[in-house]
Amino acid sequence: KLFNLWFCLLGILVYEGFCMKVKYDGDQVLKMIPQTLKHAQFMQGLIQEWMLDLWKPVMVEQIQAGREMHVRVPFSHLQEIKEKLLQNMLPYQILISDVQELVNRNTPIETKMQKISLDNYDYTKYHPMDEIYDWMEQIQLKHRDLVTKHFMGSTYELRPIYYFKIGWPSDKPKKIIFMDCGIHAREWIAVAYCQWFVKEILSSHSNNKLLTNVLKQVDFYVVPVFNIDGYIYSWTTERLWRKNRSPHNNATCYGVDLNRNFNSSWCSVGASRDCNSQTFCGSAPASEPETQAVANLMERTKSQILFYLTIHSYGQYILLPYGSTTNPSVNHVEMTKVAEAAAAKMKEKHNIVYTVGSSSVVLYENSGSSCDWAGDIGIKFSYTFELRDNGTYGFQLPAELIKPTCEETMTAVISMMEYANEKY
Ligand code: ARG
Ligand code: ZN
C-alpha cells in the first residue's frame with residue numbers, strides 16, 4: 001500500500017492524472033438477446049443490482065425481449081455474472097474480451113501536444129483536444145478565403161466552443177448545412193469525422209463540380225467538438241465518459257447528457273433525473289452552457305438551416321425524429337427517402353449496412369435530443385448518424401477503421417448535398 005502511494009505521488013510529478021485514470025483491466029463486454037419478457041426483466045434486475053455499465057441500449061428500461069444488448073461487466077464480477085446467466089439459460093457472447101486492451105491500443109500514451117502542421121496532419125488518428133484547438137486555428141489561417149472560425153459560447157469549465165463557417169461569401173442569403181460532432185465524449189470517431197469532413201471539403205472543392213457549386217449556395221456550419229470538457233475527460237481520466245462535466249448535488253456526481261438536455265419533450269422518456277445516470281437530463285431544459293451555445297446559434301439561423309446532422313457512434317444508423325414519440329414528423333416521408341438514398345451510397349462504398357428510421361422505432365425512445373429539437377424548430381432535414389461499428393469494438397473503434405468509416409459517411413453527406421442542390 002505504502003509503496004503504491006509513493007509510486008503514485010511520483011507518477012503525479014511525472015505525468016498528471018497518473019493515479020486518477022479509470023482502468024478497465026479484464027472487463028468484458030457481453031452481448032445477448034433476451035428471448036422472453038422474463039429474461040429481459042432478469043437482465044434489468046442483474047444490471048441494477050450489480051450496477052453494470054449498459055452500452056446498448058443506454059437505459060435498463062429500454063431492454064426488451066428480442067432486442068440485442070451490450071453490457072460491460074467488470075473483471076471482479078465476471079465469473080459470478082456468467083454463472084448466473086448460464087443458470088438462467090441466458091446465452092451470451094463475448095464481444096470484447098478485454099476492454100482495457102482496446103483502450104491502450106487506441107490512445108497514444110504520450111498525449112502532450114506536438115506542434116501540429118497541416119501538411120502532415122494525420123486524419124487517420126484520434127487527436128486530443130489541444131491538438132484539435134491548434135488544428136482549428138491553422139485551418140482558418142490557411143483557408144482565409146473560404147473558412148472563418150467563430151466563438152459560440154463556453155463550456156462548463158469555461159473552454160471556448162468554436163464552429164467553422166465554410167462557403168464562398170455571397171450577397172444572397174445562403175442555405176446552411178449544420179453539423180456537430182462529439183456531443184457524447186467517448187464517441188471519438190464522431191470527432192474524427194468532423195475533421196475528415198472539413199479536410200475533404202477544403203482539399204477537393206476546386207476540382208469537384210458539385211462542391212464548387214454547393215459552396216456558392218450553401219454555408220457549412222461545423223462544430224468539431226460539441227462536448228469539449230467531456231472529450232478531454234475521456235482522454236485524461238475515463239475513456240468511457242459520455243456526458244459533460246457540470247457538478248450536481250454538492251459535487252457528489254457529475255455530468256448532464258447533452259443529448260437529453262434540449263428543449264423537446266424534455267425528460268419525458270428515455271432520460272433520467274438522477275445525476276448518476278448516463279442519461280441525466282439536467283436540472284431544466286437547456287440548463288447546460290454547451291446546449292445553450294449550440295441551441296442559440298441554431299435558433300438564430302434556423303430559417304436558413306436546411307440540414308441538421310449530428311454525428312454519434314456506435315450502431316450504424318441514420319436516425320430521424322422523433323426519439324420521444326413513434327408518431328412520424330411532418331417531413332417524415334421525404335426525410336426517410338433522402339436517408340435511404342444516403343444509406344445505399346454508404347453500402348456501395350464498403351458494404352456496411354446502415355439502418356434508417358426514427359430513433360423511437362429502430363433504436364430506442366429518448367427525449368431532449370438535439371435531433372428532435374431541430375425537427376421541432378422547423379428544420380426540414382434533421383438526422384442523427386450513428387457511425388461504426390455494431391459492437392465488435394463499440395466506442396473504441398480502432399484507428400485503422402477511421403478512414404473507411406469517414407469515407408462511407410462522406411458519401412452519405414454528399415448524397416444529401418446533391419439532393420439539397422437539386423431541390424432547394
Ligand atoms: N445514441 C443517441 C443517444 O442515445 C441516439 C439518439 C437519437 N435520437 C433521435 N431522436 N434521433 O443519445
Ligand atoms: Zn451518442
- Of the numbered conditions (1) open to solvent by 40 Å² or more (accessible area, probe 1.4 Å); (2) within 16 Å of ligand 1 (Cβ to nearest atom); (3) in contact with a helix residue (DSSP H, G or I) (Cβ under 8 Å, 6 or more places away or on another chain), N366 satisfies every one except a single condition; which is it? (1)
- Query: Can we say Y314 is within 16 Å of ligand 2 (Cβ to nearest atom), over 19 Å from P224 (Cα atoms) and either open to solvent by less than 60 Å² (accessible area, probe 1.4 Å) or in contact with a strand residue (DSSP E or B) (Cβ under 8 Å, 6 or more places away or on another chain) (or both)?
  - Reply: no
- Message: So, A412, is that one open to solvent by 10 Å² or more (accessible area, probe 1.4 Å) and either more than 11 Å from ligand 1 (Cβ to nearest atom) or without any contact (Cβ under 8 Å) to a residue 12 or more places away in the chain (or both) or not?
- Response: no
- Message: List pairs: first residue in region 66-89 and part of a strand (DSSP E or B), second residue open to solvent by 60 Å² or more (accessible area, probe 1.4 Å) and hydrophobic (A, V, I, L, M, F, W, C) anywhere in the structure, Cβ distance under 8 angstrom, at least six positions apart or on different chains.
- Response: M69/I33
- Residue that is nearest to ligand 1 (Cβ to nearest atom), among those in region 299-315 that are in contact with a helix residue (DSSP H, G or I) (Cβ under 9 Å, 6 or more places away or on another chain) and closer than 26 Å to W241 by Cα: H312
- Test A374 against the criterion of being within 16 Å of ligand 2 (Cβ to nearest atom), among the aliphatic types (A, V, I, L, M) and in a helix (DSSP H, G or I), and give yes or no. yes
- Qualifying position, being touching a Ser or Thr at 6+ places or on another chain (Cβ under 7 Å) and away from ligand 2 (no atom under 16 Å from the Cβ), among K216, K209: K216
- Residue, nearest to ligand 2 (Cβ to nearest atom), within region 384-396, restricted to residues that are outside any strand (DSSP E or B) and within 27 Å of G368 (Cα to Cα): F395
- Looking at region 265-286, which of its residues are under 18 Å from G375 (Cβ atoms) and either more than 16 Å from ligand 2 (Cβ to nearest atom) or touching a strand residue (DSSP E or B) at 6+ places or on another chain (Cβ under 6 Å) (or both)? S265, W266, C267, S268, V269, P285, A286
- Message: Of everything in region 293-310, what is over 19 Å from E418 (Cβ atoms) and either within 16 Å of ligand 2 (Cβ to nearest atom) or in a helix (DSSP H, G or I) (or both)? Give them in sequence order.
- Response: A293, V294, A295, N296, L297, M298, E299, R300, T301, T310
- Item | Tally of residues being open to solvent by 40 Å² or more (accessible area, probe 1.4 Å) and within 14 Å of ligand 1 (Cβ to nearest atom) across region 326-361 | 6
- Task: Please determine, by comparing only the residues of region 169-192 that are out of contact with any strand residue (DSSP E or B) (no Cβ under 9 Å at 6 or more places or on another chain) and touching a residue at least 40 places away in the same chain (Cβ under 8 Å), which one is nearest to K380 (Cα to Cα).
- Result: P173
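The values are calculated or read from the model by the stated rules, or taken from the named source; none is laboratory data. All values derive from a computational prediction rather than experimental measurement. Glycine also receives a Cβ, built like all others from the backbone with ideal geometry; neighbour counts cover every protein chain displayed. Each accessible area value is taken on the protein alone, full model and side chains, heavy atoms only, with ligands, DNA and RNA left out. Shrake-Rupley method; radii C 1.70, N 1.55, O 1.52, S 1.80 Å.
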